[in-house]
Amino acid sequence: MSKRPTINRIWSINNSTSRRNPGNNKYGQGWVAEIPTYQVLNYLQYKTDLTLLSLGERGFFEWGSDINYAKGALVWNEADNTIYISLVASPDKNKSPDKNAKEWSKSSIQISRKEFDDAVTKINSHVTMLGHTNPHKLTPKDIDTYSRVEVDSKVKGLADDGAAHIADKNNPHGDTAEKIGAVPKTGGTYTGQIVMGTGKVFLSDSGKESIGLLNGGNYILNASCMLGIDKNGKAVHVDATGKSSILVDESNYLNAKLQHESSFAVGCPDFYSPLISDLNIYEGAGNCEFKRPSERIVDGKKYAENIPVYSYGSAHGINLIINDAKNYELNDSIFYDKNPLVGIKQYTVNFNINFNSPKEDLGNILLMSFGLAYAEGSLCVEINNNRKITASLNKLVKVVSPDLSKYDGKSVSVSIRRSIGDVLHIYVSGISSGSSNCVNNRGIRKPVDTGNNTFFINANSTSFSKKSFGVSLSSLRVWREALTDEQISTL
């Protein structure tokens with residue numbers, strides 16, 4: 001890069017006699033055929049050097065009345081040594097910028113960076129000052145307002161007046177229900193139609209009980225259940241899940257009965273023994289045998305009492321006595337030479353049970369085994385005198401009934417089902433009381449042959465209580481299929 005020439009060297013500055021201005025007309029015409037004189041050339045170079053020197057000294061061209069400035073143009077004003085910016089296009093040429101504030105404005109370009117930073121710092125400091133700093137030292141009177149003490153006093157006065165008015169329960173305005181267009185709580189008559197914006201009339205403060213419109217119907221609502229007439233004019237009940245059921249009346253009873261009763265019908269069981277007065281098998285095949293020891297052991301003593309097998313005059317069924325010794329031979333047992341559930345995974349077992357002893361958790365009272373006891377896939381039903389019944393598959397998958405104490409003194413129906421999806425269920429009085437998944441368990445295996453008969457039901461004590469207990473069993477039924485909830489509800 002070349003070094004610039006010295007700007008303050010002015011051509012012909014010391015020889016004014018050798019300079020001659022050719023005039024404005026010649027400037028407009030330019031050179032034609034003549035050669036400019038040395039005086040004209042000296043003048044032109046002199047003028048150019050002076051203009052460049054002025055620009056170098058000031059940084060901007062000086063303002064002149066001979067220039068038509070554009071909007072946003074920057075100029076140096078020699079009158080006040082200030083840089084101005086044009087606010088309009090073609091400002092007045094007859095007024096210098098310092099005399100024409102309407103069309104010219106001082107430019108911020110002439111302040112230093114330090115001055116700019118100092119100004120920004122002061123502004124930011126002022127902006128971030130909190131109200132309590134009061135940099136201008138203003139007083140409430142300066143801004144024509146109240147002091148805090150005066151405001152607090154006035155607010156307290158209003159608050160006191162408001163509190164006194166609120167506490168006045170003597171109807172200070174003398175209002176009546178009639179004056180405000182309302183019906184008094186003592187009763188009255190609305191002369192026009194009343195429309196509830198919510199579409200409901202609430203019957204309690206909680207809003208859980210109401211009468212109103214919903215989905216085009218009219219309903220009585222109690223908590224999450226509804227009773228009413230739907231948009232089609234049908235009387236319906238809507239449960240907590242939103243499921244709607246048509247109420248049965250004389251006009252639709254027959255159709256409703258025909259539609260649903262088939263769901264509750266139960267076919268004949270594959271095995272059925274009433275166990276009321278004998279061991280006859282009413283449904284199924286094979287032979288049953290009842291075994292009872294010749295003596296009982298109670299409190300460690302042997303008794304040769306003749307306890308009836310059946311409670312004659314009662315529908316409780318067969319009496320199964322448990323001695324206080326842990327020996328199958330000293331307990332009542334039923335053997336059956338067939339097993340209706342061998343090889344299948346879906347079945348239903350139902351029986352009635354009645355407890356004959358005080359409630360006490362003293363080991364198993366009754367064990368029913370369908371298949372090899374406690375083997376893989378076999379169903380075992382354990383009935384304990386703590387009033388709970390346990391259904392299990394090979395002792396791994398278990399379902400326990402709730403406490404059955406409320407049924408003391410009467411028989412209660414118990415159903416056990418292994419259903420589609422491999423789930424073991426237990427039902428009490430037709431109501432589901434629990435379930436457990438039994439995936440990967442096989443079907444019921446054939447029990448071990450013990451001669452002509454196989455183990456079926458055993459009154460089995462696992463207690464060291466030295467006491468004897470008993471239960472009554474009746475109406476034992478077995479289906480080689482998983483009955484539905486509806487069907488079990490009728491058993």
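The values are calculated or read from the model by the stated rules, or taken from the named source; none is laboratory data. On a predicted model such as this, the values are computed, not experimentally measured, just so you know. We place every Cβ from the backbone using ideal geometry, glycine too, and count neighbours over all the protein chains shown.
Assorted remarks:
- Residue in segment 143-151 that is surrounded by 12 or more Cβ atoms within 10 Å (Cβ to Cβ) and either outside any loop (DSSP other than H, G, I, E, B) or at positive phi (or both) present: yes
- Selection count where residues are among the small types (G, A, S), surrounded by 10 or more Cβ atoms within 10 Å (Cβ to Cβ) and closer than 30 Å to V236 by Cα, scope segment 176-220: 5
- Boolean, K93 is charged (D, E, K, R), assigned to a loop (DSSP other than H, G, I, E, B), under 30 Å from A119 (Cα atoms) and more than 60 Å from the chain's Cα centre (by Cα): no
- For segment 421-437, the candidate set comprises residues that are over 32 Å from the mean Cα position of the chain (by Cα) and in contact (Cβ under 8 Å) with a residue 60 or more places away in the chain; within that set, the residue that is farthest from Q487 (Cα to Cα) is Y427.
- Of all residues making up segment 240-275, the number that are surrounded by fewer than 14 Cβ atoms within 10 Å (Cβ to Cβ) and at pLDDT 85 or above: 4
- Residues in segment 199-227 that are small (G, A, S) and under 21 Å from K243 (Cβ atoms): S210, G212, G216, G217, A223, S224.
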